[in-house]
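> This is the structure I have questions about; it appears just below.
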Amino acid sequence: MSLALKIDEQIKESMKAKDADRLGVLRMLKSAMKYAVIEKYGAEGEAKDEDVLAVVRKEIKKRQDSIEAFEKGGRPEQATKEKAEMKILEAYLPAAMSEADLEKLVKDVIAELGATDKKAMGAVMKACQTKAAGRADNRALSALVGKLLP
């Protein structure tokens, strides 16, 4: 079952269970998916799993930024709400890579590309993101690449 169909099914389940919070997040996600598909494929296009994952990552990033802003602004109740929404969205992402696997991936890419200094960080990041296939947080990945490049 594709991710788009899975989300549709879970919207129905949330309606039946009267879970308003989850339902709101899933409806927002479905709307964002439709906009992304229309932008990429036109009105008649269908969402592929990689498109859905990209939208989920984008929505999680929005939540992370909101959490930061709410915590700085002294609005812990809003930050808590955003964290709950983020947790619902994270359920659609593939399992994250462990620290050791991530470090091995970065070292392999650096060796593969023959990167010798920080100037190659962009190329290393791009290759790492491709190989990680959404299983690694870009902030953590960037920090690790910066640390491992001489």
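A short reminder: the numbers here are calculations on the coordinates, not readings from a lab. Predicted model only: the values in this text are computed from it and were never measured. Virtual Cβ from ideal backbone geometry, glycine too; neighbours counted across all protein chains shown.
> Label the range 3-90 by shape, choosing from rounded, prolate and oblate, from the square roots a ≥ b ≥ c of the eigenvalues of the Cα gyration tensor; if a/c is under 1.5 it is rounded, and otherwise prolate applies when a/b is larger than b/c, oblate when it is not. Don't jump to the answer; show the numbers that get you there.
Details: a/c = 2.83, a/b = 1.46, b/c = 1.94.
Taking the square roots of the gyration eigenvalues as a ≥ b ≥ c, the range 3-90 is oblate.
> What does the C-alpha gyration tensor say about the overall shape of the range 25-150? Classify as rounded when a/c is under 1.5, otherwise prolate if a/b is larger than b/c, or oblate.
Cα axes put the range 25-150 in the oblate bin.
> Relative to the present Cα-Cα distance, how much length would full extension add between E68 and E50 at 0.36 nm per residue of separation? Walk me through the intermediate numbers first.
On the way: separation 18, 0.36 × 18 = 6.48 nm, distance 2.71 nm.
Difference between extended and current length: 3.8 nm.
> Holding the Cα-Cα limit at 30 Å, pick out from K81/K118; K6/K81; K16/K81; K48/K118; K34/K72; K40/K104 the pairs that are longer than that. Please report the intermediate quantities before stating the final value.
Details: K81/K118 38 Å; K6/K81 23 Å; K16/K81 22 Å; K48/K118 35 Å; K34/K72 32 Å; K40/K104 34 Å.
Long pairs (Cα-Cα over 30 Å): K81/K118; K48/K118; K34/K72; K40/K104.
> In deg cm²/dmol and to the nearest 500, what is the mean residue ellipticity at 222 nm of the chain if only DSSP H runs of at least 4 residues count, each as -39500 (n - 2.57), divided by the residue total? Kindly include the intermediate steps, with their values, before the conclusion.
Details: 7 runs with 114 residues, N = 150.
After summing the helix terms and dividing by the residues of the chain, the value is -25500 deg cm²/dmol.
> Taking θ = phi - 60°, what integer Hz values does the Karplus form 6.51 cos²θ - 1.76 cosθ + 1.60 yield along the range 52-69, in sequence order, with x for Gly and Pro?
For the range 52-69, the Karplus-derived couplings read 4, 4, 4, 5, 4, 4, 5, 5, 5, 4, 4, 5, 4, 5, 5, 4, 4, 5 Hz, x marking Gly and Pro.
> What's the extension gain from A120 to A140 if we count 0.36 nm per residue and subtract their Cα-Cα distance? Don't skip to the end; give the middle numbers.
Values: separation 20, 0.36 × 20 = 7.20 nm, distance 1.74 nm.
Full-extension gain reported as 5.5 nm.
> If you put +1 on each Lys and Arg Cβ and -1 on each Asp and Glu Cβ, how big is the dipole of the chain around its Cα centre, in Debye rounded to 20?
Numbers: 29 positive and 26 negative charges, 54 e Å.
Result for the chain is approximately 260 debye, rounded to the nearest 20.
> Does the range 28-69 classify as rounded, prolate or oblate by the C-alpha gyration tensor (a ≥ b ≥ c root eigenvalues; a/c under 1.5 gives rounded; else a/b over b/c gives prolate, otherwise oblate)?
Working: a/c = 3.35, a/b = 2.45, b/c = 1.37.
Verdict is prolate for the range 28-69.
> Using amide H atoms built 1.01 Å from N in the peptide plane, name the residues 5+ places from K48, or on other chains, whose amide H lies under 5 Å from its own.
For K48, whose amide H was placed from the backbone, there are no distant partners under 5 Å.
> Under the Karplus relation 6.51 cos²θ - 1.76 cosθ + 1.60, θ = phi - 60°, what is the ordered set of whole-Hz ³J(HN,Hα) values for the range 134-150, x standing for Gly and Pro?
Residue by residue, the range 134-150 yields x, 8, 9, 6, 5, 5, 5, 4, 4, 4, 5, 4, x, 6, 7, 7, x Hz.
> Can you tell me the FRET efficiency between T80 and Y41 if r is taken as the Cβ-Cβ distance and R0 is 35 Å, rounded to the nearest 0.05? Intermediate results must be reported in sequence, preceding the final value.
Working: r = 36 Å, r/R0 = 1.04.
Computed FRET efficiency for T80 and Y41 comes out at 0.45.
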